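The values are calculated or read from the model by the stated rules, or taken from the named source; none is laboratory data. Since we're looking at a predicted model, the values are computed, not measured. So basically every Cβ, Gly included, is an ideal-geometry build from the backbone, and we count neighbours across all protein chains shown.
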Amino acid sequence: MVKYFLTYLAGPANLAIFFVALKPPRPTEDRAKAPHATGSRAELIELLGRGVATVADLAKQLRLTRNAVRFHLDSLQRAGLVRATGTRPGKRRAHATYELTKQADQRFPNAYKHSLREILAELKHRYRSNTVIAILGSAGNRLAKGSSGGRKDMSVRNRAGQAKKLLEALGGSIAIESHGGVSLLRADGCPLAAVVAAHPEVCNMVETFLARSTGASVRQQCHHGPNPRCQFQIKSST
């Protein structure tokens, strides 16, 4: 999972800039004490903390049988830590998807969530929309600093695969749909959902981060609102 650390700086020209750095968090004490959160169930909670997942997703990551995963999910649902959210299309039939409940979801601690929301609110209060988006784009470039940008001869499909790994590192389960020279990355949720619901401009930061990191042309088509979902279009930059 990912923890979001924020630094809010006032420059000489009174320009508000924030920088987002990412690093894996330590398990929280509350989660360690959660009912039934031991062994494979604790690992399952950690995986669901990254976003919505199916039994097949969890079984693959945990190297367990699907029946074993279902057994753990049933226990966690009874404990109020996990809930079913809907279905995802499969080759033969739809697969049920699961996510953490508010009781279990500790991946975005309140202090960071509220801090980022207030920083964004202050930026939007002080500056015009295009300036805020430019600042977020600069933050996306900072996140991508040091990345190779991908080889020039890399296909769109491979660049989409690279973007998928980057998004999943932020948290979430990403599916790729490819049509000709265009790939679409879809997620059932959003790792920044607690902030994006009120400040959808944050998706522009992720868009810039993916474009800079993969060397592809990236366009965010995210679904905003109370239950945000990531969606990014990947095309060749040439």
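Of all residues in segment 150-160, none are among the β-branched types (V, I, T), outside any helix (DSSP H, G or I) and modelled with pLDDT of 85 or more.
If the condition is being touching a Phe, Trp or Tyr at 6+ places or on another chain (Cβ under 7 Å) and assigned to a helix (DSSP H, G or I), then segment 130-147 contributes A139, G140, R142, L143. Counting only residues that are in a helix (DSSP H, G or I) and modelled with pLDDT of 90 or more, segment 34-56 holds 2 of them. When N227, N204 are checked against the criterion of being part of a loop (DSSP other than H, G, I, E, B) and in contact (Cβ under 8 Å) with a residue 12 or more places away in the chain, a single residue qualifies: N227. Residues that are in contact with a strand residue (DSSP E or B) (Cβ under 6 Å, 6 or more places away or on another chain) and under 9 Å from A193 (Cβ atoms) within segment 217-233 comprise just one, R229.
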